[in-house]
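The block underneath contains the structure these notes are about, expressed in C-alpha cells.
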Amino acid sequence: MNDQLIIFDTTLRDGEQSPGASMTRDEKVRIARQLERMRVDIIEAGFPVASPGDFEAVKAVAAAITESAVCALARAVEKDIDRAAEALRPAKRARIHTFIATSPIHMQNKLRMTPEQVLDRAVWAVRHARKYTDDVEFSPEDAGRSEIDFLCRVLEAVIAAGARTVNIPDTVGYNLPHQFGALIKTLIERVPNSGEAIFSVHCHNDLGLAVANSLSAVLNGARQVECTINGLGERAGNAALEEIVMAVRTRRDLFACDTRLDTTQIVPASRLVSSITGFPVQPNKAIVGANAFAHESGIHQDGVIKKRETYEIMRAEDVGWAANRMVLGKHSGRNAFRQRLSELRIEFKTEQELNAAFERFKDLADKKHEIFDEDLQALVTEADLEHENEHFRLVALRVCSQTGEVPHADVTLAVNGAEKKGAAEGSGPVDAAFKAIDSIVGANGQLLLYSVSNITTGTDSQGEVTVRLEKGGRIVNGHGADTDIVIASAKAYLNALNKLIRPAAERTHPQAGTPI
C-alpha cells in the first residue's frame with residue numbers, strides 16, 4: 001500500500017474568501033456533509049474569530065461531522081486560538097490551524113515584527129493550541145517568499161513545540177513547480193525533526209500553477225495537500241481538489257501515494273458548491289467541466305468507440321459523471337422525495353420545511369418532465385435564499401419582447417410585506433426586468449457580473465443565474481434558478497439586493513494579519 005496523501009479541504013474557509021462567495025451556516029453544513037461523503041480527511045470549516053457568523057458555522061459543522069476531522073483557522077493570537085477551540089468543542093476530531101507570516105515583506109510591512117519575535121510567537125501559538133488538542137497545524141504564511149534558513153528555524157521550533165502538521169503555503173502564487181518542489185525537499189532534509197510532522201502545502205493560483213506546484217511538492221515528500229472544490233478561493237483561487245486527487249490516482253506510475261477519497265462524489269460536490277456560491281464551472285474545466293469527457297472531433301470519437309483509452313485517461317464514471325441515480329418526476333411521492341434528499345445529505349429541521357420544499361418540487365415537476373439531483377440541490381438552495389432574505393421578494397413579473405419593439409417589463413415586488421409595482425423598458429428582457437426592479441427599490445449597486453448556466457441538459461432545464469453587485473467597496477453575489485431565465489435573473493438580482501441592504505458583518509480577513 002502506498003503512502004496516504006491527506007486531503008485537507010478549505011472550500012468553507014479559503015474558498016469562501018472569493019468576493020461574493022459567502023455561505024450561510026446551513027449551506028456550510030450541506031457542503032461539509034458532501035465532503036465527508038467523499039471521505040475528505042480534514043475539513044477546514046472557517047475562521048471563528050472573524051465574525052459571530054463564522055463562529056456559529058464552524059460550530060455547526062463540528063457538530064454535524066463524525067468521520068472527517070474538522071479544522072478551524074486562527075492567527076497566532078490568544079483570542080483567535082481560544083475562539084477556534086470553543087467553536088470546535090462539538091467535534092469528534094478537532095484540529096487547530098494557526099499561522100503567522102515569515103517572509104521579510106510580511107514581517108516588516110504587515111506584522112512590523114522582527115524575525116525573533118515571529119519565531120517566539122509561532123512557538124507560543126502552537127503550545128497554546130496544544131492545550132486544547134493534540135492535532136495542531138502550523139503555517140508560515142508566505143513561505144514561498146521566505147528566507148530558507150529562517151524558515152528551517154521556525155519549522156524545527158514549532159515541530160518541537162508540538163505541531164504535528166507543518167503547512168508550506170505559496171500564499172501569493174509566486175513559485176514555479178521546480179522551485180516549490182525543491183523547497184519542500186530541502187525543508188524535509190534540513191529540518192532535523194522533520195520526521196515528526198507531516199509536511200503539507202497550500203498553493204494559490206495567481207499564475208495558474210497551484211495544482212502543478214502542489215503535485216511537485218507531493219513528488220518531493222509532501223503528504224498533505226490543502227485544496228478546494230472547483231479551485232474556489234480568493235483572487236485566482238486555490239489548487240483544485242478534483243485535479244489533485246485524479247492526477248495522483250491516474251499517474252500511479254509516478255506518485256508513491258494515493259488518497260482515500262470516494263472519487264465518484266467529486267462531480268456532485270462540484271455542482272453543490274457551484275450551486276451554493278453561484279460560481280459556475282467553466283465547460284472546459286478539468287474533471288468537472290461539462291466538456292471534460294466530451295468528444296466532438298470525428299477522429300477522437302472513432303478512437304473512443306474502438307477503445308476508450310485512446311483519448312480518455314480516466315473514466316467519467318469514476319468521478320461521478322455517470323453514476324446511477326433516481327430521476328424524480330411529477331408522479332413521485334413525498335417518500336421518494338424525502339429519500340433522495342436524505343441520500344444527498346440534505347436535511348430539514350422541521351416537517352414544515354420539508355413540506356414547503358416538497359411543494360416547490362411539485363411546482364418544478366409541473367414545468368419539466370424529469371428532475372435530477374442538480375435540480376434538487378438548486379431547489380433547496382433557492383429555498384434557503386428566500387428564507388434568509390425577506391426584504392425584497394418577487395411576486396409577479398411580466399415581460400414583453402418581440403422583434404422590432406423595445407422590450408418592456410412590469411414587476412410586482414413584496415417590500416417588507418407590502419406590494420409595490422414598477423415598469424421599465426430596456427435593451428432586452430433581462431435589462432428591462434432589472435430596470436423595473438430599480439424603479440421600485442432604487443439603484444442600489446453597480447452590476448459587475450451577470451452569468452447564466454444550465455443546471456441540467458435539455459430545453460426544459462432550469463437556468464441558473466449569478467448576479468454580482470458592488471456598492472461602497474462591498475461585493476455580493478446573488479443567485480436564482482428557474483425554468484424561465486428572465487425570472488431566474490430577477491430572483492438573482494433581488495437576492496443580491498437583499499444582501500446589499502443587510503448590515504455588513506464585521507469580519508477579520510485571515511490574510512490581513514493585524515499587528516500582535
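Bear in mind that the values in this text are calculations on the coordinates, not laboratory data. Every value quoted in this text rests on a predicted model; they were computed, and no experiment measured them. Please note: Cβ atoms are built from the backbone with ideal geometry, for glycine as well, and neighbour counts cover all protein chains shown.
Assorted remarks:
- Pair-distance distribution P(r) for the chain, from all Cα-Cα distances in 10 Å bins starting at 0: 4, 18, 27, 25, 16, 8, 2, 0 percent.
- For the pair the stretch 128-179 / the stretch 14-71, the C-alpha centres are spaced 23 Å from each other.
- The stretch 242-267-the stretch 411-442 distance, computed between alpha-carbon centres (Å): 49
- Rounded to the nearest 20, the Cβ-based charge dipole of the chain about its Cα centre (Lys and Arg +1, Asp and Glu -1) stands at 600 debye.
- Taking 16 Å as the straight-line reach from the Cα of residue 92, the lysines in range (excluding those fewer than 8 positions away in the same chain) are 59.
- Toward the positive end of the charge dipole of the chain, with +1 on the Cβ of Lys and Arg and -1 on the Cβ of Asp and Glu, the farthest Cα among 17, 277, 199 is that of 199.
- The charge dipole of the stretch 3-277, taken about its Cα centre with unit charges on the Cβ atoms of Lys, Arg (+1), Asp and Glu (-1) only, comes to about 400 debye.
- Modelled label positions at residue 254 and residue 502, each set 7 Å beyond Cα in the direction of Cβ, lie 4.4 nm from each other.
- Think of the chain as a dipole: +1 on every Lys or Arg Cβ, -1 on every Asp or Glu Cβ, centred on the Cα centre; then among 8, 448, 96, 96 lies furthest on the positive end.
- Filtered GluC sites (Glu not before Pro), the stretch 127-224: DSSP coil and at most 16 other beta carbons within 10 Å: 147
- Ranking 115, 394, 81 by Cα position along the charge dipole of the chain, where only Lys, Arg, Asp and Glu carry charges on their C-beta atoms, puts 81 farthest toward the positive end.
- Qualifying trypsin sites (Lys or Arg not before Pro) in the stretch 75-179, where qualification requires a DSSP coil assignment and no more than 13 other C-beta atoms within 10 Å, comprise 92, 112, 131.
- Column: log10 I(q)/I(0), Debye, Cα scatterers of the stretch 389-501, q = 0.13, 0.15 Å⁻¹: -0.46, -0.61
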